[in-house]
1. Can you tell me which residues in region B:187-205 are buried (at least 16 other Cβ atoms within 10 Å of the Cβ) and either not assigned by TED's automatic domain parsing to the domain that holds residue B:48 or not in a helix (DSSP H, G or I) (or both)?
2. Evaluate region A:145-152: report whether one residue or more is out of contact with any strand residue (DSSP E or B) (no Cβ under 7 Å at 6 or more places or on another chain) and surrounded by 18 or more Cβ atoms within 10 Å (Cβ to Cβ).
3. Checking residue B:81 against (1) within 12 Å of chain A (Cβ to nearest Cβ); (2) farther than 26 Å from residue B:150 by Cα, which test does it fail?
4. Test each condition in (1) within 14 Å of chain A (Cβ to nearest Cβ); (2) out of contact with any strand residue (DSSP E or B) (no Cβ under 8 Å at 6 or more places or on another chain); (3) more than 23 Å from residue B:209 (Cα to Cα) for residue B:51 and report the one that comes out false.
5. Determine whether residue B:176 is at pLDDT 90 or above and not assigned by TED's automatic domain parsing to the domain that holds residue B:16.
6. Kindly evaluate residue B:177 against the criterion of being in a helix (DSSP H, G or I), crowded, with 21+ Cβ neighbours inside 10 Å, more than 9 Å from chain A (Cβ to nearest Cβ) and touching a residue at least 12 places away in the same chain (Cβ under 8 Å).
7. Tally time: how many residues in region A:67-95 are exposed (fewer than 14 other Cβ atoms within 10 Å of the Cβ) and assigned to a loop (DSSP other than H, G, I, E, B)?
8. Among the strands (runs of 3 or more DSSP E) confined wholly to region B:69-159, which include 3 or more residues that are under 30 Å from residue B:35 (Cα atoms) and in contact with a strand residue (DSSP E or B) (Cβ under 8 Å, 6 or more places away or on another chain)?
């Protein structure tokens, strides 16, 4: 993948190239449309990630993630990866997990082995760290870069730029409504398809398959219309 | 919490709707009022959080021994998990049930007393109240994971969105859906439908990334 550090100035110029000679959009609208394309891209593909350290609290299995981390993907404790589980699985497999710590003894491990997510802002580790103030290394999706000045840069693959700018054009066209905006729907579908190429889970969702234009069935309902002789006929629209 | 402010998004919406851009301080077309738009924005953000259970908070609910019903936090929106913590510090997860199932499964549950509660209910209880049963004389506590109300948007000063920045566009599109679906001169059903689908896209993405949790 050819990553490029692209400036806002460059993105604006490329977006301008997609517009007609007398644009119906201001510089500010170009900026917000570009930033929205980055946000939605990060939502769909988890594009921008960060590694950060979070400290454990003594005997507390709950670990809140800082607001700069959107959701945790992988966790290490003392250089060892923690297995991914779920709160429900922990409840079923280890009913008293929440009260167990690394000092519990018996069959309870002496260091955290498993993490589970509660929503996207909270992690639970099992067993809880009895000592506390130890480091959990968390790989997570981070906040989307927000471009504000022309020299601001964003790391993005060159092959994705056209897709991102197509989405930005689609959003900017929204205010025009009518056929002009409708004609940019293809940019939106291309954006969704490119996102699904990076995140295959999107293809498992009926919602996203329709958004990509893959499943058209729900958009072509059968209609019943009355024929000239008064009998009803059923046909696909 | 997001680093995007409500005023920035209100300005974006004003550009989408070809209004005078001023951070949502006025809607010059008179198609919408300021308070109305703020209401749509807040409702969509809270609805997004409830539908996705994206951000969860932890709270300890005071337990009055031998009482069935207990008040939930004032910022409560939806329950994700309920745990009984006994006076000796042992945790027990409580499964959710309802009065119908409890009545048929164990008709003595309203009066029976056991060493600890076995389940919780919220279907028949008053708003913002949880019921755990059977009652117990143990002086334990109820711990919950829940979705809390978001920050109130549309104040005098810029307020950050509670939803993470990735999902702010979904809240914006949802608000636009409410505005464009309003019966009146500004009604635009095709674009309202599009906006609603973009809101739904955010909800689906949030649910997809939590799959298996």
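1. Taking region B:187-205 and keeping what is buried (at least 16 other Cβ atoms within 10 Å of the Cβ), we get B:188, B:191-192, B:194-196, B:198-205.
B:188 - this is the single residue of region B:187-205 that is buried (at least 16 other Cβ atoms within 10 Å of the Cβ) and either not assigned by TED's automatic domain parsing to the domain that holds residue B:48 or not in a helix (DSSP H, G or I) (or both).
2. no
3. Failed condition: (2).
4. (3)
5. no
6. On the way: in a helix (DSSP H, G or I): yes; crowded, with 21+ Cβ neighbours inside 10 Å: yes; more than 9 Å from chain A (Cβ to nearest Cβ): yes; touching a residue at least 12 places away in the same chain (Cβ under 8 Å): yes.
When the stated conditions are applied, residue B:177 passes them.
7. Count: 4.
8. The qualifying strands (runs of 3 or more DSSP E) are B:76-85, B:141-148.
The values are calculated or read from the model by the stated rules, or taken from the named source; none is laboratory data. Keep in mind that what you see is a predicted model, and the values were worked out from it rather than measured. Please note: Cβ atoms are built from the backbone with ideal geometry, for glycine as well, and neighbour counts cover all protein chains shown.
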